[in-house]
Amino acid sequence: MHTSWTAESWKSCAASQQPEYDDFAELQEVLAVLRRLPPLVSSWEIDRLRADMTSAQAGEAWVLQGGDCAESFDDCQAESIASKIKVLLQMSLVLIYGSQQKIVRIGRIAGQYAKPRSSSTESRDGQTLPSYRGDLINHSPFSHSHRRNDPQLLLRGYERAAVTLNFIRALSEGGFADLHHPENWDLTFVAESSECERYKRMVQSLGDALRFIESIAPGPLTELRRVDFFTSHEALHLHYEQALTRLSVRGTGWYNFGTHFPWIGERTRAISGAHVELLRGVRNPLGIKVGPTAIAQEIVDLTRRLNPENEPGRITLIHRIGNQRVADTLPKLVDEIARSNARVLWICDPMHGNTVSTESGQKTRRFDDVLAELRTSFAVHRQCGTRLGGVHLELTGENVTECLGGAGGLTEADLHTAYNTSCDPRLNYEQAMEIAFSIADEIQQR
Ligand code: PEP
Ligand code: CO
């Protein structure tokens with residue numbers, strides 16, 4: 001294992017989940033262009049998020065991370081981006097109101113374009129082609145030309161991330177995110193939602209409180225007219241991530257400038273692997289997915305490798321165990337990591353351990369499993385004397401039909417109506433709001 005890190009030291013480690021390119025020279029040309037393009041985020045923003053993650057670790061803030069399983073280039077449209085921001089803003093309002101805490105908002109957005117796959121090829125009717133690995137790498141339709149791993153898509157992905165981020169910044173700074181006008185965040189089908197009345201009452205009483213405070217405060221509460229909104233994606237494609245890994249101009253070290261919060265997936269977190277090697281050298285706060293088969297000592301070693309100084313705010317462990325096993329598996333993990341004295345923030349991904357297939361072979365998740373894993377996770381952390389400091393969700397602001405159940409009682413027969421995901425099934429708007437209210441209730445119970 002390496003002791004000294006460089007932006008290239010990952011190249012001598014085993015790199016899993018990487019696409020093979022048939023034209024190496026073309027890849028190198030693209031990477032040279034990428035390396036010259038400006039960073040997508042700044043070191044100041046990344047440091048601010050790291051401070052926020054430190055607060056969450058200290059019990060003073062709560063993390064809401066959510067968005068698509070895989071963003072698609074076609075979906076890079078005003079309405080779709082705005083509706084994701086809207087649902088996350090509405091959820092964060094519910095959480096602020098319920099928890100009386102600062103909420104750290106992080107989208108799975110502006111760069112979530114690469115997916116790990118269980119097999120590098122896919123066969124249909126006797127034809128074998130490379131698997132679809134996300135829009136950053138190739139295209140989903142099953143043909144030779146679509147499935148070719150195309151280096152030019154790295155540039156298209158960078159550009160899509162940049163325009164998405166540009167729009168998010170405009171929305172977070174301008175009147176759109178103003179807490180005085182939460183009606184800006186209403187989604188068209190809100191009136192049909194069963195949580196609608198509860199949300200409206202909450203907004204009403206929040207508005208009353210704001211007007212009261214402003215009537216006695218010396219000036220307008222300008223801080224409430226904007227929000228912080230951070231980005232995240234799985235740091236999977238090593239050449240792409242390296243091209244955006246640079247030294248900060250103010251001399252504070254190396255950062256991944258492609259996103260605020262890169263995470264390492266369940267399939268790529270091998271301690272001697274290339275993903276861990278590349279990310280250990282950057283200052284960003286890091287997420288690590290922790291699945292049901294994780295060995296506690298392995299995770300302890302990983303936290304030491306990625307955070308040798310045991311600095312607060314650096315490591316977030318995102319457990320994604322699955323509702324069936326969480327009660328048995330999580331306590332031991334949490335206990336052993338607590339005993340190692342590793343400073344970590346725990347957040348729960350109640351999605352990825354709960355994926356099931358319907359009889360017709362469609363991937364889905366049951367709302368009840370998602371909620372139950374979340375509730376059990378709260379309880380486990382309470383018992384272990386640790387704290388669940390956030391949630392990681394796959395969701396959309398749209399009225400999709402991808403997960404079963406929830407207040408709308410979505411059934412298998414409904415799945416076909418609006419099954420739009422390009423990867424895993426996401427909570428729709430109504431299901432996401434229901435989760436937010438349940439989390440607020442759980443946090444209040446503490
Ligand atoms: C994901 O977050 O979409 C994902 C692939 O997760 P995991 O690494 O936890 O399987
Ligand atoms: Co997913």
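The values are calculated or read from the model by the stated rules, or taken from the named source; none is laboratory data. For clarity, every value in this text was computed on a predicted model and none was experimentally measured. Cβ sites come from the backbone with ideal geometry, for glycine too, and all protein chains shown count toward neighbours. Remember, those area values only see protein heavy atoms, side chains included, never the ligands or the DNA or RNA. Shrake-Rupley method; radii C 1.70, N 1.55, O 1.52, S 1.80 Å.
If the condition is being within 16 Å of ligand 2 (Cβ to nearest atom), of a type in the set (V, I, T) and open to solvent by less than 20 Å² (accessible area, probe 1.4 Å), then the range 334-375 contributes I347, T364, V370. Residues that are in contact (Cβ under 8 Å) with a residue 24 or more places away in the chain, away from ligand 1 (no atom under 13 Å from the Cβ) and open to solvent by 10 Å² or more (accessible area, probe 1.4 Å) within the range 274-295 comprise R280, G281, R283, listed in sequence order.
Can you confirm whether T268 is open to solvent by 20 Å² or more (accessible area, probe 1.4 Å) and either part of a loop (DSSP other than H, G, I, E, B) or more than 16 Å from ligand 1 (Cβ to nearest atom) (or both)? Answer is no for this residue.
For (1) more than 16 Å from ligand 2 (Cβ to nearest atom); (2) open to solvent by less than 10 Å² (accessible area, probe 1.4 Å); (3) not in a helix (DSSP H, G or I), each residue gets a yes or a no:
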site: R48; (1), (2), (3): yes, no, no
site: L89; (1), (2), (3): yes, yes, no
site: V94; (1), (2), (3): yes, yes, no
site: G107; (1), (2), (3): no, yes, yes
site: S123; (1), (2), (3): yes, no, yes
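With respect to Q324, is the statement that it is more than 26 Å from S16 (Cβ to Cβ), free of Cβ contacts under 8 Å to residues at least 60 places away in the same chain, of a type outside the set (G, A, S) and within 16 Å of ligand 2 (Cβ to nearest atom) true? No: the conditions fail for Q324. For the range 398-433, the set of residues classified as more than 16 Å from ligand 2 (Cβ to nearest atom) and crowded, with 24+ Cβ neighbours inside 10 Å consists of Y429, M433, listed by residue number.
Restricting attention to the range 380-406, the residues that are part of a loop (DSSP other than H, G, I, E, B) and among the hydrophobic types (A, V, I, L, M, F, W, C) add up to 2.
Of the residues making up the range 56-71, just one is open to solvent by 30 Å² or more (accessible area, probe 1.4 Å) and among the polar types (S, T, N, Q), namely Q57.
Scan the range 141-152 and tell me whether some residue there is touching a Ser or Thr at 6+ places or on another chain (Cβ under 9 Å), open to solvent by less than 70 Å² (accessible area, probe 1.4 Å) and closer than 17 Å to P116 by Cα. Yes, there is a match, as at least one residue in the range 141-152 is touching a Ser or Thr at 6+ places or on another chain (Cβ under 9 Å), open to solvent by less than 70 Å² (accessible area, probe 1.4 Å) and closer than 17 Å to P116 by Cα. When G67, G98 are checked against the criterion of being within 23 Å of A432 (Cβ to Cβ) and at pLDDT below 95, G98 stands alone in meeting it.
Here E159 does not qualify as modelled with pLDDT under 95 and under 29 Å from R36 (Cβ atoms). Summed over the range 200-253, residues that are open to solvent by less than 20 Å² (accessible area, probe 1.4 Å), out of contact with any Leu (no Cβ under 8 Å at 6 or more places or on another chain) and assigned to a loop (DSSP other than H, G, I, E, B) total 2. Going through the range 1-29 one residue at a time, which ones are within 20 Å of L153 (Cα to Cα), in a helix (DSSP H, G or I) and either open to solvent by 50 Å² or more (accessible area, probe 1.4 Å) or without any contact (Cβ under 8 Å) to a residue 60 or more places away in the chain (or both)? Correct list: F24, A25, Q28, E29.
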